[in-house]
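The values are calculated or read from the model by the stated rules, or taken from the named source; none is laboratory data. Please read these numbers as outputs of a predicted model, since none were measured by experiment. Cβ coordinates were reconstructed from backbone atoms using ideal geometry, including for glycine residues, and neighbour counts include every protein chain displayed. Quick note on the areas: whole protein, heavy atoms, side chains included, nothing else; ligands and nucleic acids left out. Shrake-Rupley method; radii C 1.70, N 1.55, O 1.52, S 1.80 Å.
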Amino acid sequence: MSPSNAAAVAPLTLAVVRHRMRAVTEEMVEAMTRTCFSPILNQSQDFSAVILDAAFQTVSQAERVPIHMGAMPLAVRMMAEAFDGDLADGDVLMANDPYWGGSHLPDVTLAMPFFADGEIRLWVALRAHQGDIGGLSAGGYSAAAREIWHEGLRIPPLKLVAGGTFRGDLLRLVAENSRKPDDLRGDLLAQLSAVRIGVTRLAELFARYGRMEIAQAVEAILDGGEAVMRTLLAGCREGLHRGLSHMEFADAPGSLLPIPVSLTIEDGRAVVDLTGCPDQVRAFINSSYANSCAAVMVAFLYFSGDEEGLNGGSARALDIRTRPGSLVDPVMPAPVGACTSSTACALIEAVLNALEGADPQRSIGGFARRFRFALAGAADDGTPFIWHYFLNKGGTGGNRDHDGWPNIGGLHNPGGTASPSVERTEAGYPLVVEEYALLPDSGGAGERRGGLGGRLVLRYEGREPAVLNASGEGVLVPPTGTQGGGTGPGHRYALLSQGDAEGDRARPIAVHDSGLRVEPGARILCLSAGGGGFGDPRRRPRDLVERDVAYGYVSAEAARDVYGLGADA
């Protein structure tokens, strides 16, 4: 938008439109939370809502799952292109296919165009992680998958609603391909209601301000996002910066797969080169193109820390380059089930590692990688259940200004998916939470300490054996410190048979275990990683170390030996 057009937007109008659109996405989230069926959605809120402009740039988003929101623009673009010339007021599109702009199959996106004066002006979209979408393993995340068809039902772009007419036959087809068809049916209907609410609220906004004023406000919002990112890059060291992280993969040398990134910053613009990443593999850790682009965006937005940049305008300053056939831009039929958490976290870390060379004082200690599992079995009445582990997510990294947050989640999604209620978990599933607490000394030491991980002991009380399918990272690759900060310990998960104590008899749970049998009475021990520290621990203020000891975050021994408390007495 030209400066003259930008000046034409009244500041008050811009503020109202910006905040009203944010309120629309938040109302969509609330509507979804209150009407959906699955605990992964109504408790953990593993879904996201956005408003896009007609060019598929994110204008506004609810603060939920960053890796969702960064990928939705491409998904909605490809959904719309599939119906080019055949879109009408009242249409609602649906898709989940990674090779049609999706991330992984559990994430189903519904998108609805908003028409004004006979043309599409905006899009409303909501992406939700469904509890089960079919495939080899209950709950998804099958480490045994060797091709995309093993991972569940692929939904290319289709019209769930055509011109206002709901397609119940399509909903029936999708729902019957799930192990929990009633839940999936109810969750998709909740999504449908949420996007319709979004379109209704946009109509009210257009009735108040009119098409031209809102178009100008949208451009001003996007221009503001671009300005934030260009200002950030202008303050960085120009030139080439390299970053590296690793993924845990048994078939790689040393069981570690390198994720290299080259970053070139020049004239307020960044080129992010991912072409050096390994070739795609016959395993579920490949990352769809949309997911990889989202991970890069998440890293830059972490580095920025400016809410004004949380829109598609910030992407204008970035050029992301991939290599088709690689781990981060796979081609058919590569499976991608673990991409949104495992691969995304590794890629975000690699980009942040490169950015650390551009501005060391903005660097961030490592976050706990996501180590999740799904437990599938039958309740006492014989009803099948699928429980997704969203508790005890691990700590985040410290930075120049703040300690890391304790036990709220991985780098791809810190705090965006809430931990479910312990009481509701125990009431709704044959599970008992025996212990749940923060883990002392689990945060990496530093001038700014890493956030603590936690300890969870979960007892299974079903009548028949259950099956555990794991998907994760963070055992061999712990959260690293930065600028002299300490590394946090990695995850340690184990299965204890009934009556066994912790120790040598515990059966370690590997990050890609599939089909692990869990007998009635067995306990699952989850020790989650703490975040990496920032800066020299000896520079941590004495009063903060004393507070950490008083709260039980840091032991007296660590306070003395690592932080030097009492050494100057």
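Using the beta-carbon distance between E546 and E435 and R0 = 22 Å, what value does 1/(1 + (r/R0)^6) give for FRET efficiency, to the nearest 0.05? Let's see the in-between values first.
Numbers: r = 27 Å, r/R0 = 1.23.
Given R0 = 22 Å and the Cβ-Cβ separation, E is 0.25.
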Revision key, fill the gap. Note to self: C-alpha centroids of region 481-498 and region 1-80 sit apart, in Å, by 35
Revision key, fill the gap. Computed over region 371-457, the relative contact order (Cα-Cα under 8 Å, seq sep at least six) in percent reads 31
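Could you work out Rg/(2.2 N^0.38 Å) for region 357-477, with Rg from alpha carbons only? Intermediate results must be reported in sequence, preceding the final value.
On the way: Rg = 16.9 Å, N = 121, 2.2 N^0.38 = 13.6 Å.
Dividing the Cα radius of gyration by 2.2 N^0.38 Å gives 1.24.
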Point to revise | J(HN,Hα) series, region 402-411, from Karplus relation 6.51 cos²θ - 1.76 cosθ + 1.60, nearest Hz, glycine and proline x | key: 9, 5, x, 7, x, 6, 10, x, x, 4
Exercise for review: Evaluate the distance, in nm, between pseudo-label points positioned 7 Å from the Cα of L476 and of R424 along their respective Cα→Cβ axes.
Suggested key: 3.7
**Study point:** Accessible-area composition of region 437-500, carbon plus sulfur, in percent [1.4 Å probe]
**Key:** 47
**Study point:** Computed lengthening from E266 to E26, 0.36 nm per intervening residue step minus Cα-Cα distance
**Key:** 82.7 nm
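With charges set only on the Cβ (+1 for Lys and Arg, -1 for Asp and Glu), what does the dipole of region 207-319 come to about its Cα centre, in debye to the nearest 20?
On the way: 8 positive and 15 negative charges, 29 e Å.
It comes to approximately 140 debye.
Kindly point out which whole DSSP H helices in the chain project their C-alpha atoms 27 angstrom or further along the helix axis while averaging a Kyte-Doolittle hydropathy of 0.0 or above.
Numbers: long enough: 11-35 (36 Å, -0.02); 181-209 (42 Å, 0.17); 211-234 (34 Å, 0.57).
Counting only whole DSSP H runs, the qualifying helices are 181-209, 211-234.
Which order do peptides 483-490, 301-308, 126-133, 83-90 fall in by mean Cβ count within 10 Å, highest first? The partial results should precede the final answer.
On the way: 483-490: 24.4, 301-308: 17.5, 126-133: 27.4, 83-90: 12.2.
Ranking, from highest mean packing down: 126-133, 483-490, 301-308, 83-90.
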**Study point:** Where labels lie 7 Å past Cα in the beta-carbon direction, separation of D89 and M212 in nm
**Key:** 2.1
Study note, to complete from the structure: In region 144-188 the accessible area split gives carbon plus sulfur, as whole percent at 1.4 Å, a share of 51
Review point. Along the charge dipole of the chain, which of P420, S193, C36 sits closest to the positive end, that is, farthest toward it, with unit charges on the beta carbon of Lys, Arg, Asp and Glu (+1, +1, -1, -1)?
Key: P420
Check your understanding: Full extension from A510 to A15: what is 0.36 nm times the residue separation minus their Cα-Cα distance, to one decimal in nm?
Key -> 173.3 nm
